[in-house]
Amino acid sequence: MRTIIFFFILLTMFLPYASADTEIRPTITVNYSVEPGVFMPGDTGTVTVELRNMASGEVYVQEDDETFDMNAYIASATLKGNKGIKVLDGRQTDVGLLGPGDYIRLTFNIKANESAANGMHFLELEVVGGSDMYNLNYRIPVKVDDRDLKIIVSDMPPTLMKEYSTVNVEVVNLRPNDITGVIVTPEGKDITFFPANVFVGTINEGNKSTATFTLNSMTSKNGNKEMQFSATYFNGDNPHISSGTNYNVEVVDQYALILSALEVERIGNTYSITGDINNFGTTDAKNVMISVTETENITPVQPYEKYFVGTLESDDFSSFELSASTQGNNVEKIPLLIEFRNTNNAYAYINEDIVLHKGTLPASSNSGGTRSVMIGLVAVISVAVLGVIAYSWKKRKISE
């Protein structure tokens with residue numbers, strides 16, 4: 001019984017000091033951030049650790065005639081890696097004192113190994129303290145995911161004419177984190193693109209962005225053409241390039257602007273050409289103008305040296321009329337120039353020839369003869385009618 005009573009007396013004597021130590025001891029909290037939020041194998045990044053002294057009030061606290069230091073002394077902080085994550089600079093020593101309410105941020109550089117498995121990797125943080133501060137250990141998770149971007153071109157036609165067409169390239173971010181600085185680039189042989197690349201910026205996780213290109217096959221040769229679309233981007237500060245997406249199209253020998261319903265009439269050495277121009281392409285043609293190309297034996301003449309059509313929408317047409325004069329009898333065709341601008345206002349042109357068929361009668365002979373016969377017939381009929389009227393009037397006068 002005496003032993004038990006003595007024990008409780010001793011316990012009572014030490015309780016205030018133990019309680020005081022517990023209440024006034026500096027308390028350190030740990031917060032962290034990882035950049036990038038999700039690593040790809042081979043990426044480098046940072047782990048930033050914030051150590052904060054949660055003590056409040058004075059630096060020195062008086063308790064039962066004892067003075068306690070509320071500063072938190074941090075001797076060192078060490079971050080340890082594992083098989084998947086390598087810590088490039090894992091130890092920081094002599095960090096120093098943190099006063100009440102103060103904090104410090106420590107940054108560690110890390111790298112995900114090329115062979116790092118997908119999933120969560122835990123790094124061990126060890127903080128060694130001095131004075132009245134406890135040591136602490138903390139686990140920091142770092143996620144690795146090797147998913148890439150997905151590039152989709154859903155409106156690529158299997159066959160192209162010699163034309164300007166538009167394609168929309170969708171860039172889908174399949175990753176569990178945002179990516180930045182996304183640039184989409186097309187490539188193709190014997191086919192050109194405008195613009196050469198498109199900047200779409202940041203794509204949030206699970207979202208997509210669209211880059212629009214004008215595809216120029218005006219000067220392409222006939223046959224199968226291969227093209228590829230890829231994207232460069234940043235995961236954190238790490239540059240990446242997506243795997244390319246390949247497409248094949250067939251280019252045929254046919255322009256999108258087609259002349260039809262052509263009629264050629266000749267009056268002496270002057271030709272009048274009329275017809276329709278049709279937009280058989282998939283995009284609008286702006287500022288369309290047709291003109292006769294001047295050569296050594298052919299000269300465009302008034303009233304229709306040039307004919308301005310304006311905008312021809314896809315599947316639309318317009319009529320036109322041109323005039324040209326020829327020198328000599330050996331002219332077999334009249335060259336025409338079709339000028340227009342595509343949807344990006346780029347200048348383009350097409351050369352066409354109007355073949356003059358020999359052996360046919362000039363339009364001037366047929367039309368002139370017909371007009372003479374018609375004038376004669378009208379004159380004869382008019383004289384006959386006037387004669388009948390005069391005879392009737394004279395006969396009425398005699399009878400009166």
Give me the residue from region 232-250 that is at pLDDT 95 or above and among the β-branched types (Val, Ile, Thr) and, out of that set, nearest to VAL144 (Cα to Cα). ILE241
Which of (1) outside any loop (DSSP other than H, G, I, E, B); (2) closer than 30 Å to VAL172 by Cβ; (3) open to solvent by 60 Å² or more (accessible area, probe 1.4 Å) does ARG266 not meet, given it meets every other one? (2)
So which pairs qualify, if the first residue must be in region 321-345 and without any contact (Cβ under 8 Å) to a residue 40 or more places away in the chain, the second must be open to solvent by 20 Å² or more (accessible area, probe 1.4 Å) and β-branched (Val, Ile, Thr), the Cβ gap must be under 6 Å, and the two must be at least 6 apart or on different chains? LYS333/VAL355
Could you look through region 302-317, keep only residues that are open to solvent by 40 Å² or more (accessible area, probe 1.4 Å) and in a strand (DSSP E or B), and pick out the one that is nearest to LEU259 (Cα to Cα)? PHE317
Residues of region 269-286 being small (Gly, Ala, Ser) and assigned to a strand (DSSP E or B), in sequence order, are SER272, GLY275, ALA285
Would you check if ALA116 is assigned to a loop (DSSP other than H, G, I, E, B) and touching a strand residue (DSSP E or B) at 6+ places or on another chain (Cβ under 8 Å)? yes
Go through the residues of region 380-390 one by one and say whether even a single one is more than 24 Å from GLU163 (Cβ to Cβ) and at pLDDT below 50. yes
So ASP178 ticks every box in (1) in contact with an Asp or Glu (Cβ under 8 Å, 6 or more places away or on another chain); (2) within 23 Å of GLU250 (Cβ to Cβ) but one. Which box is left unticked? (2)
Conditions: (1) part of a strand (DSSP E or B); (2) touching a Ser or Thr at 6+ places or on another chain (Cβ under 9 Å). SER220 meets all but one. Number of the miss? (1)
Return the residue satisfying two criteria in turn: it lies in region 41-63 and is assigned to a loop (DSSP other than H, G, I, E, B), open to solvent by 80 Å² or more (accessible area, probe 1.4 Å) and out of contact with any Ser or Thr (no Cβ under 7 Å at 6 or more places or on another chain), and of such residues it is modelled with the highest pLDDT. SER56
Of the residues VAL171, VAL127, which is among the hydrophobic types (A, V, I, L, M, F, W, C), modelled with pLDDT of 95 or more and open to solvent by less than 20 Å² (accessible area, probe 1.4 Å)? VAL171
Out of VAL95, VAL142, which single residue is part of a strand (DSSP E or B) and open to solvent by less than 20 Å² (accessible area, probe 1.4 Å)? VAL142
List the pairs whose first member sits in region 189-214 and is among the aliphatic types (A, V, I, L, M) and buried (at least 16 other Cβ atoms within 10 Å of the Cβ), whose second member is assigned to a loop (DSSP other than H, G, I, E, B) and modelled with pLDDT under 95, and whose Cβ atoms are under 8 Å apart, counting only residues at least 6 apart or on separate chains? ILE191/SER217; ILE191/SER220
Condition met for THR299 (outside any loop (DSSP other than H, G, I, E, B) and hydroxyl-bearing (Ser, Thr, Tyr)): yes
Which one of these is at pLDDT 65 or above, open to solvent by less than 70 Å² (accessible area, probe 1.4 Å) and either within 30 Å of LEU149 (Cβ to Cβ) or not hydroxyl-bearing (Ser, Thr, Tyr) (or both): LEU106, LEU10, LEU88? LEU106
Pick from region 215-247, criterion of a type in the set (Phe, Trp, Tyr) and crowded, with 18+ Cβ neighbours inside 10 Å, ranking: nearest to PRO41 (Cα to Cα): TYR233
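For (1) outside any strand (DSSP E or B); (2) closer than 24 Å to PHE340 by Cα, each residue gets a yes or a no:
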| position | (1), (2) |
| --- | --- |
| ASP190 | yes, yes |
| GLY201 | no, no |
| SER209 | no, no |
| PHE213 | no, yes |
| THR232 | no, no |
| VAL249 | no, no |
| SER260 | no, yes |
If you take the residues in region 328-354 that are open to solvent by 80 Å² or more (accessible area, probe 1.4 Å) and in a loop (DSSP other than H, G, I, E, B), which one is nearest to GLN254 (Cα to Cα)? ASN345
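The values are calculated or read from the model by the stated rules, or taken from the named source; none is laboratory data. Computed from a prediction, not measured in an experiment: that's the story for all the values here. Counting neighbours? That spans all protein chains shown, and the Cβs are built from the backbone with ideal geometry, glycine included. Note: accessible area is taken over every heavy atom of the protein model, side chains too, but ligands, DNA and RNA are not part of it. Shrake-Rupley method; radii C 1.70, N 1.55, O 1.52, S 1.80 Å.
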